[in-house]
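The values are calculated or read from the model by the stated rules, or taken from the named source; none is laboratory data. This structure is a prediction, so every number in the text was calculated from the model and none was measured. Note: ideal-geometry Cβ built from the backbone for every residue, glycine included; neighbour counts use all protein chains shown. Accessible surface areas use protein heavy atoms only, side chains included; no ligands, DNA or RNA. Shrake-Rupley method; radii C 1.70, N 1.55, O 1.52, S 1.80 Å.
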Amino acid sequence: MQSIAKGLGMKERGGEIGNPPPPEESVDSRTAAAFLRIHPKTLERRARKGQIPAMKFGKEWQYLLSLLSEWARRANEFEP
């Protein structure tokens, strides 16, 4: 099974095999949107389209700030 980070072409966190990365809590859309400085509805729309790394549990979108930070860094590389 492939990790979310690897599936998105991002660098894995953590150490050697057998040493799992430390657990990271997920955040909701309001917190993630504030982190990215965008509206929560914009964030959720982009998550639905697969443009932003996210996971949906029931009706709630959840985000890992480390993946959002990496995503934002990569997105800014392509801006003029």
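Taking only pairs six or more apart or across chains, which ones have beta-carbon atoms under 6 Å, a first residue in region 36-53 that is assigned to a helix (DSSP H, G or I), and a second residue that is exposed (fewer than 12 other Cβ atoms within 10 Å of the Cβ)? If the second residue must be exposed (fewer than 12 other Cβ atoms within 10 Å of the Cβ), the pairs left are PRO40/ARG30.
The combined condition, being touching a Leu at 6+ places or on another chain (Cβ under 8 Å), charged (D, E, K, R), at pLDDT 65 or above and open to solvent by less than 80 Å² (accessible area, probe 1.4 Å), is fulfilled by GLU24.
Applying the selection to region 4-19, what residues are exposed (fewer than 10 other Cβ atoms within 10 Å of the Cβ) and either at pLDDT 70 or above or farther than 16 Å from SER69 by Cβ (or both)? Of everything in region 4-19, those that are exposed (fewer than 10 other Cβ atoms within 10 Å of the Cβ) and either at pLDDT 70 or above or farther than 16 Å from SER69 by Cβ (or both) turn out to be GLU16, ILE17, GLY18, ASN19.
For region 42-76, what are the residues that are loosely packed, with under 12 Cβ neighbours inside 10 Å and either within 15 Å of VAL27 (Cα to Cα) or touching an Asp or Glu at 6+ places or on another chain (Cβ under 6 Å) (or both)? Outline the logic, then answer.
Going residue by residue through region 42-76, those that are loosely packed, with under 12 Cβ neighbours inside 10 Å are 49-50, 56-60, 73, 76.
Passing the criteria: LYS56, PHE57, GLY58, LYS59, GLU60.
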